[in-house]
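Structure, as structure tokens:
The values are calculated or read from the model by the stated rules, or taken from the named source; none is laboratory data. This structure is a prediction, so every number in the text was calculated from the model and none was measured. Counting neighbours? That spans all protein chains shown, and the Cβs are built from the backbone with ideal geometry, glycine included.
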Amino acid sequence: MMTSKLFGMRIFHEDLWELLFKFSIDLVVLFILIRVIYYNIHRKKDHLFTYFLFNILIFFLCVLLNNVKLSTGFAFGLFAVFSVLRYRTEQISIKDMTYLFAVIALAVINALVSKKISLAELVFTDGM
């Protein structure tokens, strides 16, 4: 099979379908957590965009960095950057911070899930 390339990069890869599947699961769980649960209980629109954007950006960051060998120090450094953001922004409530942590955790879980994990395990983990 001939692979088309543009500037040395493949134009299409079979893993795109896996990425789209993982992203769709992530978005469904994110929508349920943020729009259905969080917004219906708290009625705050202030953080909705932030939660969605944090999840989507971290999801794609983890997917792209998953293919690159990272040292443990670099991974902790990346975590530290996200931690510093907490202290550089306005104070938010503990509940809102918990939702932010859940959004980040969902993105990481769904982005880094491997073929060794069954779909049932992933759905259970996301549901919890």
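Before moving on, here are some points about what is shown:
- Residue selected from the stretch 96-117 under the condition among the small types (G, A, S) and surrounded by fewer than 20 Cβ atoms within 10 Å (Cβ to Cβ), by the criterion nearest to K22 (Cα to Cα): S114
- Positions within the stretch 101-124 being outside any helix (DSSP H, G or I) and among the hydrophobic types (A, V, I, L, M, F, W, C), in sequence order: V113, I117
- All positions within the stretch 70-100 that are among the hydroxyl-bearing types (S, T, Y), assigned to a helix (DSSP H, G or I) and modelled with pLDDT of 75 or more: T98, Y99
- Highlighted here are the helices (runs of 4 or more DSSP H) found entirely within the stretch 2-69 that include at least 1 residues which are among the acidic types (D, E) and either without any contact (Cβ under 8 Å) to a residue 12 or more places away in the chain or over 26 Å from V123 (Cβ atoms) (or both): 15-31.
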